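> There's a structure below that I have some questions on.
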Amino acid sequence: MPELNDEERALRDAVRSFLEKKVAPDVAAHERARTFPWELLPQLYEFGYVRGGVPEAEGGDELSMMMQAILMEEAGRCWGSLRTTVNVQGMVARTLSAAADAGQRARFLAPLLEGRRFGWFGLTEPDAGSDAGAVRTVARRKGDGYVVNGSKIYITNALGCDFGILFARVLEEDGTDRGVTAILVDAAESRFGVHDIPHMPLRSTTSCELTFDDTVIPAANVLGDLGGGLSLAMKAVNVGRLNMAMGAVGLSQACLEEAIRFCRQREQFGKPIAAFQLVQQMVVEIATLTETSRLLGHRAARALDAGEPGRYECSMAKLYCGESAGRAATLALQVHGGAGLMEESPVERYFRDAREATIPEGTSQIQILHLGKALLGHSALR
Ligand SMILES: Cc1cc2nc3c(=O)[nH]c(=O)nc-3n(C[C@H](O)[C@H](O)[C@H](O)COP(=O)(O)OP(=O)(O)OC[C@H]3O[C@@H](n4cnc5c(N)ncnc54)[C@H](O)[C@@H]3O)c2cc1C
């Protein structure tokens, strides 16, 4: 049975060709300058990036998860910073689509899908990482608004975005705790601090700390139900895990292609290093990891397309594809010898970016604990 149908193969070929022509030639320069071509995103949205996860009735493309998985693999094959940027924009779009009222759709979702506005997804805090439910940022009701205090960390691209979804604990004026709630924060409307935390991978993204110090946000910006924030966040994160998994497949694929290209042209001891058994072993391991990762990612996408919750499949794909990308990048670098450590080689970037694949949207350890609970019926999380 062919793994992809004709439509899926056509999408893969079209987006790969676009990325190779329009994006790949500038990746190294952007990474060096730590810049990102935001102006290119609307053209990428034409393929279904970001719009793919939103129903047509709301201005989206309503693509199957399999089609979205293909888009993520191709983004990951081209550039980790692109993959993470479109993944986060997609999470924001899906969350808005799931919970926004008509006014919020017009103000935030429509311009996001047109590539005119960009959003961040603010869940993680200094003391709430893997334990996402431990959110301490507080939004206290005051008149027709909320006064927010607290901080968020590692928030992708908050510096380049003009609004975001903040997850904060809502307290009524009398102190009643309404639970963690999603709230839209518009940078043009509310004052808060943003700064980039210098980081190793994904150099064309920012990884930001946000500080809220008596930040005033209108009550109309509450997204969905009071207290419904964590379940909204977890829905977005489940698909986000699949997207990260497929981005990691793309990264492994890029490692494979670069390792093959290099070992065919590099000669030592009078012949191409491709002829040495130990080099072949490394290349075959990368190929096997890439193929098995892709199969697990596709299985998770097909499960979601079949209407299944897909939590088990997405967790397993995130775990395996992320860890495999790390191994694939290590091997690809080894195949390159010293050249792999030089910034002029793409595998230097693959190696840095692969380290990210096992951390956001649930670390590998957290995925193992989800899978362990599903298999054994006991939670080892706490
Ligand atoms: C590049 C990047 C981009 C990100 N983008 C965003 C974003 O846009 N929005 C956002 O909200 N967040 C974002 N994050 C945050 C990310 O989701 C968290 O880093 C992640 O959830 C892990 O939390 P932590 O870093 O606090 O690690 P911790 O939770 O402190 O974990 C540290 C270590 O302890 C392990 N550990 C923790 N609990 C357990 C347990 N119960 N059992 C076993 N081991 C455990 C972990 O696996 C890990 O190895 C981003 C992170 C990175 C690195």
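> For Asp144, only one of the following conditions fails: (1) within 20 Å of the chain's Cα centre (by Cα); (2) open to solvent by 20 Å² or more (accessible area, probe 1.4 Å). What is its number?
(1)
> Does Phe47 fit the bill of being outside any helix (DSSP H, G or I), open to solvent by 10 Å² or more (accessible area, probe 1.4 Å) and over 19 Å from Arg352 (Cβ atoms)?
On the way: outside any helix (DSSP H, G or I): yes; open to solvent by 10 Å² or more (accessible area, probe 1.4 Å): yes; over 19 Å from Arg352 (Cβ atoms): yes.
The answer is yes for Phe47.
> Also, I was wondering about something else. Could you please tell me which pairs satisfy a Cβ distance under 8 Å, a separation of 6+ or placement on different chains, a first residue in the stretch 230-244 that is in contact (Cβ under 8 Å) with a residue 60 or more places away in the chain, and a second residue that is hydroxyl-bearing (Ser, Thr, Tyr)?
From residues that are in contact (Cβ under 8 Å) with a residue 60 or more places away in the chain, the pairs are Leu232/Thr95; Ala233/Thr95; Lys235/Thr95; Ala236/Thr95; Arg241/Ser315.
> Taking the condition within 24 Å of Gly164 (Cα to Cα), buried (at least 17 other Cβ atoms within 10 Å of the Cβ) and free of Cβ contacts under 8 Å to residues at least 60 places away in the same chain, does Gln89 pass?
Values: within 24 Å of Gly164 (Cα to Cα): yes; buried (at least 17 other Cβ atoms within 10 Å of the Cβ): yes; free of Cβ contacts under 8 Å to residues at least 60 places away in the same chain: yes.
So Gln89 fits the description; yes.
> When you scan the stretch 129-234 for strands (runs of 3 or more DSSP E) that lie fully inside it, which ones turn up with 3 or more residues that are of a type in the set (Gly, Ala, Ser)?
Numbers: elements: 138-142, 145-156, 163-171, 177-186, 193-196, 207-218.
Of the strands (runs of 3 or more DSSP E) lying wholly inside the stretch 129-234, those with at least 3 residues that are of a type in the set (Gly, Ala, Ser) span 145-156.
> Still on this structure, I have one more. Which residue pairs have Cβ atoms under 8 Å apart, sit 6 or more places apart or on different chains, and have a first residue in the stretch 364-378 that is without any contact (Cβ under 8 Å) to a residue 40 or more places away in the chain and a second that is within 10 Å of the ligand (Cβ to nearest atom) and open to solvent by 50 Å² or more (accessible area, probe 1.4 Å)?
Listed by first residue and then by second, the contacts come to Leu369/Ser379; Leu369/Ala380; Leu369/Leu381; Gly372/Ala380; Lys373/Ser379; Lys373/Ala380; Lys373/Leu381.
> Name the residue, out of Ser81, Ser97, Ser64, that is more than 22 Å from Leu230 (Cα to Cα) and either open to solvent by 10 Å² or more (accessible area, probe 1.4 Å) or at pLDDT below 95 (or both).
Working: Ser81 fails: either open to solvent by 10 Å² or more (accessible area, probe 1.4 Å) or at pLDDT below 95 (or both); Ser97 fails: more than 22 Å from Leu230 (Cα to Cα).
That would be Ser64, the only listed residue that is more than 22 Å from Leu230 (Cα to Cα) and either open to solvent by 10 Å² or more (accessible area, probe 1.4 Å) or at pLDDT below 95 (or both).
> Does Ala339 qualify as being away from the ligand (no atom under 13 Å from the Cβ), part of a helix (DSSP H, G or I) and surrounded by fewer than 22 Cβ atoms within 10 Å (Cβ to Cβ)? Outline the logic, then answer.
Values: away from the ligand (no atom under 13 Å from the Cβ): yes; part of a helix (DSSP H, G or I): yes; surrounded by fewer than 22 Cβ atoms within 10 Å (Cβ to Cβ): yes.
Yes; evaluated as a whole, the condition is true for this residue.
> Something else about it: Any idea which residue in the stretch 191-209 is farthest from the ligand (Cβ to nearest atom), counting only those that are within 23 Å of Asp127 (Cβ to Cβ) and small (Gly, Ala, Ser)? Write out each step before concluding.
Keep residues of the stretch 191-209 that are within 23 Å of Asp127 (Cβ to Cβ), which gives 192-200, 206-209.
Remaining after also requiring small (Gly, Ala, Ser): 193, 207.
Values: Gly193: 16, Ser207: 5 Å.
Checking each candidate, the answer is Gly193.
> On the given criteria, is Gly224 open to solvent by 20 Å² or more (accessible area, probe 1.4 Å), in contact with a helix residue (DSSP H, G or I) (Cβ under 8 Å, 6 or more places away or on another chain), farther than 30 Å from Arg327 by Cα and not hydrophobic (A, V, I, L, M, F, W, C)? Break it down into steps so the answer makes sense when it comes.
Details: open to solvent by 20 Å² or more (accessible area, probe 1.4 Å): yes; in contact with a helix residue (DSSP H, G or I) (Cβ under 8 Å, 6 or more places away or on another chain): yes; farther than 30 Å from Arg327 by Cα: yes; not hydrophobic (A, V, I, L, M, F, W, C): yes.
So Gly224 fits the description; yes.
The values are calculated or read from the model by the stated rules, or taken from the named source; none is laboratory data. Note that the structure is a prediction, hence the values are computed from the model and not measured. Using ideal geometry, Cβ is built from the backbone for each residue, glycine included, and neighbour counts are taken over all protein chains shown. Note: accessible area is taken over every heavy atom of the protein model, side chains too, but ligands, DNA and RNA are not part of it. Shrake-Rupley method; radii C 1.70, N 1.55, O 1.52, S 1.80 Å.
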